[in-house]
Amino acid sequence: EVAVRMAHQHSVPAVTMVGGSDVLVLGRSGPRRQAILNVLHHADGIITVSDHIAATMAMDGIDRTKVHVIRRGVDRSRFSPGDRLTARRNLGLPEDDKIIIAVGRLVPVKGFKHLIDACAQLKERGRPARCYILGDGELRDELQSQINRLGLQDLVQLRGGIPQSE
């Protein structure tokens, strides 16, 4: 809110970026919702990463004409489909197991605790999958405790942050 106000005081357009959780999760209720909506209403432009987020903001009364969807790209020279078996061998991963990979900051809004619970349910149903969670954050110890408590050490691994070059 302060940045938008300051920009307007200095006759500078105020543009804000919405990545998802700020509108889809954090902005759904309570005092934070009103603060987020105030910023969005007063911003001169809004950049978001998906049509779904843009539509959610429109349902919240944000002027759709100032919302611009710019999707995050992928560097195809670095990330491209390849042979699954070769990739698994190069990474030392089991060749035949089901594998789930999740990437993101280990923070509550990302929902990794739900992913770990889902892995426990898959194991209980006799359909286990290996899960590799890539990223660091404030929940690392809590998530590791959850993995240990559910007896998933053999299936779910917190791998930490991995540079894109790897």
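Read-outs throughout are calculated quantities, based only on the coordinates presented, and are distinct from any laboratory measurement. Remember, predicted model here, so these are calculated numbers, not experimental data. Note: ideal-geometry Cβ built from the backbone for every residue, glycine included; neighbour counts use all protein chains shown.
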Worksheet entry | Of every Cα-Cα pair in the chain, the percent that sits beyond 24 Å | 54 percent
Worksheet item: Helix-derived [θ] at 222 nm for the chain: sum -39500 (n - 2.57) over DSSP H runs of at least 4, divide by residue count, nearest 500?
Response: -11000 deg cm²/dmol
Response to the item:
Once the in-chain neighbours fewer than 8 apart are removed, the lysines whose Cα is under 17 Å from residue 98 read 123
Worksheet item: Where is the GNM fluctuation largest for the chain (alpha-carbon springs, 10 angstrom cutoff): 150, 91, 134?
Response: 91
Worksheet, complete the sentence: Residue-ordered couplings for segment 6-11, obtained by feeding phi - 60° into the Karplus form 6.51 cos²θ - 1.76 cosθ + 1.60 and rounding to whole Hz (Gly and Pro as x), are 5, 4, 5, 4, 9, 6
Worksheet entry | Span from the segment 64-85 Cα centroid across to the segment 36-63 one, whole angstrom | 22 Å
Response to the item:
In nm, the gap between the two label points placed 7 Å beyond Cα toward Cβ at residue 74 and residue 38 is 4.0 nm
Response to the item:
So, relative contact order of segment 32-85 in percent, Cα under 8 Å, 6 or more apart, is 35 percent
Practice prompt. Using a/c under 1.5 as the rounded threshold, could you call segment 51-136 rounded, prolate or oblate? The axes a ≥ b ≥ c are square roots of the C-alpha gyration tensor eigenvalues, and prolate needs a/b larger than b/c, oblate otherwise.
Written response: oblate
Worksheet entry | Whether segment 96-137 is rounded, prolate or oblate, judged on the alpha carbon gyration tensor where a/c under 1.5 counts as rounded | oblate
